[in-house]
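Remarks on the structure that follows.
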Amino acid sequence: MLSSRASNWLVFSRALRKLKPVVAQVLGRSRFAEDALASAMGRGINQYVIVGAGLDSYALRRPDPAGQLRIFEVDHPDTQRAKRRRLGSLGIALPAHLEFVAIDFELQELSEAMKGSSRRRDTPAFYSWLGTTHYLTPQATLATLGSIARCAAPGSEVVLDYSVPLSLIDPEKLRDLLWVEKLARRMGEPLIGNLDPVQLHADVAQLGYGIVEDLAAPEQARRYFSNRTDGLEPTPACRLLHLRLP
């Protein structure tokens, strides 16, 4: 579909046009996380933990012949096996600087799972946690952030995206968002993770984090989507949060 202009237009501009803000959200959050990671590496951080990595491709897209960065992909063992089989079928070798860390998020804390890895607890790490909190209760999100805070060294950083309550969104933009929410519910993945930014800031401060940035949709649009001609812009339902442990 992407290789054909006609099919691309038919699918994304017509049939699934209401999902364009979601597409923008996925692109924006990835760019936000990788920009923050690059900045952290400039400050000497050399450990990257991808929480709920899924099919993340950073380790494949960014070879590291100098051994500057150690990458840890944390996810369910079934997901990791499927990913490794797919890479094997494509003849793609796993990079030497990549390590898989298996976890069952329903049964284990992140801090416990990381104990079996080669991650150094005495040096800072950069954590990305994308596309997940929308499907978790606020309590589960805070529990995971607390787990990271307990196992991460001072100076560690976390980037995540999160959904805001619909009551905070311009009523003119609610119709399409309600359609997306209904679609997610039909797919068996209801969007239950709405977080009020003011309350979230207070909660993460109690966990020991300082807030580096929290980008709402207008700031995301200015930074990553300005001067586009295809109408792609991020959804007002999601924000991008960057945290740091002092």
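The values are calculated or read from the model by the stated rules, or taken from the named source; none is laboratory data. What you see is a predicted model, and the numbers here were worked out from it, not measured in a lab. Ideal geometry is used to build each Cβ from the backbone, glycine not excepted, and the neighbour counts take in all protein chains shown.
Taking (1) over 19 Å from SER128 (Cα atoms); (2) of a type outside the set (D, E, K, R); (3) at pLDDT 95 or above; (4) surrounded by 13 or more Cβ atoms within 10 Å (Cβ to Cβ) in turn, GLY91 satisfies each apart from (4).
Restricted to helices (runs of 4 or more DSSP H) entirely inside the stretch 146-237, those with at least 1 residues that are modelled with pLDDT under 90, among the basic types (Lys, Arg) and loosely packed, with under 12 Cβ neighbours inside 10 Å are 174-186.
Contact map, the stretch 218-244: first residue in contact (Cβ under 8 Å) with a residue 12 or more places away in the chain and within 23 Å of TRP129 (Cβ to Cβ), second residue in a loop (DSSP other than H, G, I, E, B) and polar (S, T, N, Q), Cβ cut-off under 8 Å, separation 6 or more or different chains; pairs are ARG244/SER156. Scanning the stretch 43-56 for residues that are of a type in the set (A, V, I, L, M, F, W, C) and in a loop (DSSP other than H, G, I, E, B), we see that the one that is surrounded by the most Cβ atoms within 10 Å (Cβ to Cβ) is ALA53. Counting the residues of the stretch 36-61 that are of a type in the set (D, E, K, R) and within 22 Å of ARG244 (Cβ to Cβ) gives 2. Which one is farthest from GLU189 (Cα to Cα) among residues in the stretch 74-131 that are in a helix (DSSP H, G or I) and among the acidic types (Asp, Glu)? Looking at residues that are in a helix (DSSP H, G or I) and among the acidic types (Asp, Glu), I get GLU112. Does ARG119 fit the bill of being surrounded by fewer than 22 Cβ atoms within 10 Å (Cβ to Cβ), touching a helix residue (DSSP H, G or I) at 6+ places or on another chain (Cβ under 6 Å) and either over 22 Å from CYS238 (Cα atoms) or acidic (Asp, Glu) (or both)? Answer is no for this residue.
Of the residues ALA40, ALA59, which single one is over 23 Å from LEU200 (Cβ atoms) and crowded, with 19+ Cβ neighbours inside 10 Å? Every option except ALA59 fails the conditions.
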